Amino acid sequence: MTQICAAFALAAGVMVAATGAMAQEVEVEGNKTLGIGSVFTNDVFGDGRDRWRSSSYTVSWVRGQDWTGDLPDSFGEVIEYRFNASTITPEDLTTPNPADRAYAGALSVGAYSHFQFGKADIGLGGGLAFTGPDTGHGSFQREAHELLGVTPPSDAVLANQIGNAVYLTAELDVTGDFRISDGVTFRPFFQVQSGIETLARVGGDVIFGGFGQNSLLLRDEFSGQLYDAVGKDDRGLSFLIGADTAKVFHSAIIPANSGLQLTDTRDRVRAGVNWQGERVGLFYGVTWLGKEFVGQSDSQIVGTIDLRLKF
């Protein structure tokens with residue numbers, strides 16, 4: 001096994017072991033799985049063009065004591081274990097272009113505590129992130145594209161990808177929750193993170209409907225779309241709109257030695273619809289992603305899907 005895959009497996013094993021240890025404490029402290037959320041973002045669900053921020057899959061496993069509809073006041077009582085796999089590509093998957101970004105595959109695993117501080121919801125934690133050929137993204141995307149009959153990444157593109165590396169990650173999210181009127185909620189947020197990229201981001205979302213009421217809402221890293229990991233099901237339709245802007249101070253996937261210059265800001269605008277039935281729930285959203293580096297030929301649109309089934 002390669003060093004990065006071994007490191008990822010070790011990190012995942014440590015987290016699973018930690019979760020198992022928490023399970024041993026159920027009888028004493030009442031810790032248990034509160035919910036599992038997942039979200040899949042891909043450009044095929046958006047503008048349909050396989051380029052730049054191509055795909056991302058996130059799974060969030062949340063553990064703690066009984067969910068009451070509100071976050072606890074203490075750090076460490078509700079923990080989210082987050083797993084993410086992301087693929088970023090150049091615009092042309094066949095021929096490397098020195099004026100475009102390089103191919104990048106990334107895997108990450110982390111643990112984040114969610115709690116209240118005053119009137120704000122706080123998410124604070126960190127983990128490990130891995131980049132490079134050893135993540136297996138290139139070979140996986142090639143096989144998937146060949147199976148689907150679409151253009152796979154060429155040997156030249158994969159040979160030019162971001163190299164193998166391991167990063168310590170840290171993230172702080174501060175989110176407000178303001179009821180504007182019956183059925184309308186405004187959720188402003190501020191985020192800082194370090195690791196593969198170091199950035200500060202500010203933005204907000206408006207929810208029309210019951211989505212996320214008395215629930216733990218999490219944010220997809222790729223698109224900024226919200227997804228529900230813990231809480232009761234608010235049946236019916238809800239609509240969401242949101243936007244944010246970020247200042248990126250450092251990026252390992254658009255490195256300074258690539259000759260590319262980061263844009264002054266990184267902007268996102270999104271909209272989505274959520275439907276929840278008795279046993280099935282479905283979210284679909286689209287996000288406009290602004291340019292990330294000077295000389296990027298265009299912005300892009302990605303789509304996000306969250307399918308929830310209860311048996």
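Readers should treat all values here as calculations from the given coordinates under stated rules, not as data from a laboratory. What you are looking at is a predicted structure, and each value in this text was computed from that prediction instead of being measured. No Cβ is skipped: glycine too gets one built from the backbone with ideal geometry, and neighbour counts run over all protein chains shown.
Take the alpha-carbon centre of the stretch 214-290, take the same for the stretch 74-112, and report the distance between them in whole Å.
Distance between centres, Cα-based: 14 Å.
What number of lysine-lysine pairs in the chain show an alpha-carbon separation below 29 angstrom, given a sequence spacing of 8 or more or placement on distinct chains?
For the chain, qualifying lysine pairs total 7.
What share of Cα pairs, in percent, lie more than 27 angstrom apart in the stretch 3-309? Write down the numbers at each step before the final one.
Working: 19916 of 46971 pairs.
When every Cα pair of the stretch 3-309 is considered, 42 percent fall beyond 27 Å.
Using only the Cα atoms of the stretch 118-200, build the gyration tensor, take square roots of its eigenvalues as a ≥ b ≥ c, and label the shape rounded, prolate or oblate: rounded if a/c is under 1.5, else prolate if a/b is larger than b/c, else oblate. Can you show the working numbers first?
On the way: a/c = 4.19, a/b = 1.91, b/c = 2.19.
Oblate is the answer for the stretch 118-200, as a/c is 1.5 or above yet b/c matches or exceeds a/b.
So for 179, 142, fewest C-beta neighbours within 10 Å to most, what's the order? Could you put the intermediate results ahead of the total?
Values: 179 10, 142 17.
In order of increasing Cβ crowding within 10 Å: 179, 142.
Name the residue, out of 149, 204, 259, whose mean-square fluctuation peaks in a Gaussian network model built on the chain with Cα pairs under 10 Å.
Looking only at 149, 204, 259, the biggest GNM fluctuation is shown by 149.
Given a cut-off of under 8 Å on Cα pairs at least six residues apart, what relative contact order in percent is computed for the chain?
Details: 783 pairs, mean separation 48.4, N = 311.
Computed value for the chain: 16 percent relative contact order.
Under 5 Å between amide H atoms, partner at least 5 residues away or on a different chain: which partners does residue 38 have, H built in plane at 1.01 Å?
Sorted by chain and number, the residues that satisfy this are 60.
Provide the net charge surrounding residue 40, with neighbours chosen by a C-beta distance below 11 Å and charges set as Lys +1, Arg +1, Asp -1, Glu -1.
On the way: positive: none; negative: 220, 306.
With Lys, Arg at +1 and Asp, Glu at -1, the net is -2.
Just from its helices, what would the mean residue ellipticity at 222 nm be for the chain, if runs of 4 or more DSSP H residues each count -39500 (n - 2.57) and the sum is divided by every residue, rounded to the nearest 500 deg cm²/dmol? Working shown, then result.
Numbers: 4 runs with 43 residues, N = 311.
Computed ellipticity for the chain at 222 nm equals -4000 deg cm²/dmol.
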